[in-house]
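Below is one structure, written out as structure tokens; comments come after it.
The values are calculated or read from the model by the stated rules, or taken from the named source; none is laboratory data. Note that the structure is predicted; figures quoted are calculated from it, not measured. Reconstructed Cβ throughout: ideal geometry from the backbone, glycine too, with neighbour counts over all protein chains shown. All accessible areas refer to the heavy atoms of the entire protein, side chains included, with ligands and DNA or RNA removed. Shrake-Rupley method; radii C 1.70, N 1.55, O 1.52, S 1.80 Å.
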2 protein chains.
Amino acid sequence: MSVPVGRSPVMADVARLAGVSHQTVSRVLNGHPNVRAETQARVQSAIEELGYRRNSSARALVTRRTGVIGVVAFDTTHYGPAQTLSGIEHAARADGYFLSVVTLQTVTREAVSEAMDYLAQQSVEGYIVIAPKRAVVEGLADQPAERPVVAVEGGEAPDLPVVCVDQVGGGYLATRHLLDLGHRTVHHIAGPGDWLEAEGRIAGWRRALEEAGAPVPDPLHGDWRPRSGYRIGAQLAEEREATALFVANDQMALGALRALGEAGVRVPDDVSVIGFDDIPESEFFTPPLTTVAQDFSEVGRRGIGLLIDLLEDPTDTVPMTPARSVVPARLVTRVSTAPAPA
Amino acid sequence: MSVPVGRSPVMADVARLAGVSHQTVSRVLNGHPNVRAETQARVQSAIEELGYRRNSSARALVTRRTGVIGVVAFDTTHYGPAQTLSGIEHAARADGYFLSVVTLQTVTREAVSEAMDYLAQQSVEGYIVIAPKRAVVEGLADQPAERPVVAVEGGEAPDLPVVCVDQVGGGYLATRHLLDLGHRTVHHIAGPGDWLEAEGRIAGWRRALEEAGAPVPDPLHGDWRPRSGYRIGAQLAEEREATALFVANDQMALGALRALGEAGVRVPDDVSVIGFDDIPESEFFTPPLTTVAQDFSEVGRRGIGLLIDLLEDPTDTVPMTPARSVVPARLVTRVSTAPAPA
DNA sequence: CTGAAAGCGCTTACAG
DNA sequence: CTGAAAGCGCTTACAG
């Protein structure tokens, strides 16, 4: 009445031990009604006694559902993607889905479609793609789309279900904050040109300036990394023109802060600086950084929610306008911003 | 000669189109020898024409191999785990494995075994567990171990294959560097008591001090976050005793730097500070931080390598002493350390 | 409420 | 070099 050594127990083993057919075991496992309570109990204890675990491959073969969601993420030293991935993972698990992850070094269309291909080999049911660049999002929309795809964390994108933080609103918030402090205008250290987040933040910054009738200086593009912020910060310090600086992420803000400090420019007395992301370090920068916080976990949660809706939607009709969910950004005021110098 | 609409092509469809049996298609797909070149070409083009993709569940059912590796990771705002995960992912993909990831909020034995249970439902072939706490590693070693497990990124652990950075060596390196600079002793802001990394760094620090016959102050425990470094830094600044400070990670070092700065203690003139991790920000701290770099990607790579060896080892014998791989740490000298004040 | 039958889409011996 | 047969471990109608 026991299982041969060296082989994991299968449903038939449980059935034999419980004195029922394997179909009844299946019913118990799947929570079907129409199983006598007493039978169910017998099956349950047989399952426990044997340490039986259902063979997921066999199940997937017949149900045509693997329960696996493919995630294409990016290998960055950035704070956001890791947080987003974590939000995605928790939400997926809460709904009983598994996550298969591919992380990319380079953010290109080709790399993304290769990653999706790889995941397709594993029969994922749908995809979440962390798609921060315009080209990638557009490449995604072009794809034949055998399975649902949700883009996450870039900016808003056409023709694709998307979850993102309100980058435009965040950029607006940051700039507005500085203008309200009496600054004549706000200079901007932007992210790389093809990043949706960079574009959104520029748009918000520009809108706030235009609304206030303030001059709109050329945005200066960094590469998200501290060093680029340092370089541009040094340049701005030399020009001695800016009194307010909106930097598109906290890492570049850190570099800028350092360059300003080295040039003898006091923050916030001479120049106010605001960042974006609210990384854990930013509170302890010199000085503590005013910044814009993004709720990455919420983005992950909503992304999974959207995808699962798509996967489980019984109607199977593609809506004319894809779903879209925008998470608001939030201003975090600290020490690095102050009223404009007299 | 084509596939009914609404159904993905199966092997039989390819076979029909190529005019062979489905077994021959299988042979081509699996790269078996003994297929005529011409037959192979016909099959290949049928595959392409139909856009056929092998059903992974059916394959796994018969081969008893899913090609999936389960990863238990931690949801931290830390730099290391994300980098490690990325290293794991690249290595796994290079070897044709898939990664199913669970991220944990809390690092407890229970959470880890729950996560492994969840992954077992998906029939993972083995596990990589990022296990930074002693209790977790010990819990892992206790488990019945139906499938191979490799622990990664904690310290060295008994009874379990492990890949980690040489934390003891790193702590030694940091402390030695400060002693060589002429400091009488080195104070230590440590990580939380139950973390293996914290323990290893303390051990290395202690060894260097003892070797040099220097006094060994009590280590002061933070929680890895900047705020705890700030708190302890403020306390040390008040005591005015330390001239050299080894902080167990860069985030706490950032907090300490800030506390010292606020107290009017100059770094490195009055106090030298060294961190651990070499996060991208540390180069732009005030002042740029001397620190100890860990090659997280290498840890991930070796972890996967070890696990795959275990999975593919034909002998199937468990060695008496589990494999163990230690990645060296590396000193990165910047501005925050200097000779002891006269 | 429960069981006997069929079949999901592959791979693996076994013939030839 | 290639095909007919069996079987992996489940779920899903279909009977009863």
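Computed from Cα positions, the angle between helix B:79-94 and the longest principal axis of chain B comes to roughly 30 degrees. Under 5 Å between amide hydrogens, built in the peptide plane, is the criterion, and for B:Val68 it picks out B:Phe98, B:Glu125 among residues at least 5 positions away or on other chains. Of the heavy-atom accessible surface of region B:191-330 (probe 1.4 angstrom), what whole percent is carbon and sulfur? Result for region B:191-330: 49 percent of the exposed heavy-atom area is carbon or sulfur. Taking R0 as 30 Å, what FRET efficiency do you get between B:Asp309 and A:Ser113 from their Cβ-Cβ distance, rounded to the nearest 0.05? The value I calculate is 0.40. Residue-wise HN-Hα couplings along region A:181-195, as the Karplus relation 6.51 cos²θ - 1.76 cosθ + 1.60 with θ = phi - 60° gives them from phi, are 7, x, 6, 5, 8, 10, 7, 9, 8, 9, x, x, x, 8, 8 Hz; Gly and Pro carry x.
Before we go on, tell me the buried accessible area for the B/A pair, both chains summed, 1.4 Å probe, in Å² to the nearest 100.
Details: alone 17030 and 17020 Å², together 29330 Å².
Protein heavy atoms only, the B-A interface buries about 4700 Å².
Within the listed set A:Leu220, A:Leu50, A:Leu310, the Gaussian network model of chain A (springs between alpha-carbon atoms below 10 Å) gives the highest mean-square fluctuation for A:Leu50.
Exposed loop positions in chain A were taken to be GluC sites (Glu not before Pro) whose DSSP state is not H, G, I, E or B and which have at most 14 other beta-carbon atoms within 10 angstrom. Between these positions, the longest stretch is A:1-145.
Loop-located trypsin sites (Lys or Arg not before Pro) across region B:121-209 with a Cβ neighbour count of 16 or fewer within 10 Å are B:Arg184, with loop assigned by DSSP. Going from the isolated chain to the complete set of protein chains, region B:21-63 loses at least 40 Å² of heavy-atom accessible area (1.4 Å probe) at B:Arg53, B:Ser56, B:Ser57, B:Leu61. Remark: mean inter-chain Cβ contacts per residue of B:100-113 equal 3, using a 10 Å Cβ-Cβ cutoff to other protein chain atoms.
At R0 = 30 Å, how high is the FRET efficiency between B:Ala94 and B:Leu29 if r is their beta carbon distance? Nearest 0.05 is fine. Kindly include the intermediate steps, with their values, before the conclusion.
Numbers: r = 21 Å, r/R0 = 0.69.
So the FRET efficiency works out to roughly 0.90.
For region A:167-294, the relative contact order works out to 24 percent when only alpha carbon pairs closer than 8 Å and six or more residues apart are counted.
Over chain B, what is the mean sequence separation of C-alpha contacts under 8 Å (at least six apart), divided by residue count, expressed as relative contact order in percent?
Relative contact order of chain B: 17 percent.
Label zone (A:Ala323, point 7 Å along Cα-to-C-beta; backbone nitrogen cut-off 11 Å) within region A:39-77: none.
Whole-Hz Karplus values for region A:270-286 come out as 8, 9, 8, 10, 10, x, 7, 2, 6, 5, x, 6, 4, 5, 10, 5, 10 Hz, taken residue by residue from phi with 6.51 cos²θ - 1.76 cosθ + 1.60 and θ = phi - 60°; glycine and proline positions read x. Remark: region A:203-214, residue by residue, has Karplus-estimated 3J(HN,Hα) of 4, x, 4, 5, 4, 5, 5, 5, 4, 8, x, 8 Hz, where x stands for each Gly or Pro and the curve is 6.51 cos²θ - 1.76 cosθ + 1.60 at θ = phi - 60°. Proximity of backbone amide H atoms, modeled 1.01 Å from N, is registered between A:Thr103 and A:Ala73 at under 5 Å, excluding neighbours fewer than 5 places apart on the same chain. In region A:11-54, Cα pairs under 8 Å separated by at least six residues give a relative contact order of 43 percent.
Rounded to a whole number, what % of the accessible area of region A:1-149 do carbon and sulfur atoms account for, probe 1.4 Å?
49 percent
Under 5 Å between amide hydrogens, built in the peptide plane, is the criterion, and for A:Ala244 it picks out A:His187, A:Ser272 among residues at least 5 positions away or on other chains.
For a Förster distance of 41 Å, can you work out the FRET efficiency between the beta-carbons of B:Ala120 and B:Asp218, rounded to the nearest 0.05? Present the calculation step by step, with values, prior to reporting the outcome.
Values: r = 43 Å, r/R0 = 1.05.
Computed FRET efficiency for B:Ala120 and B:Asp218 comes out at 0.40.
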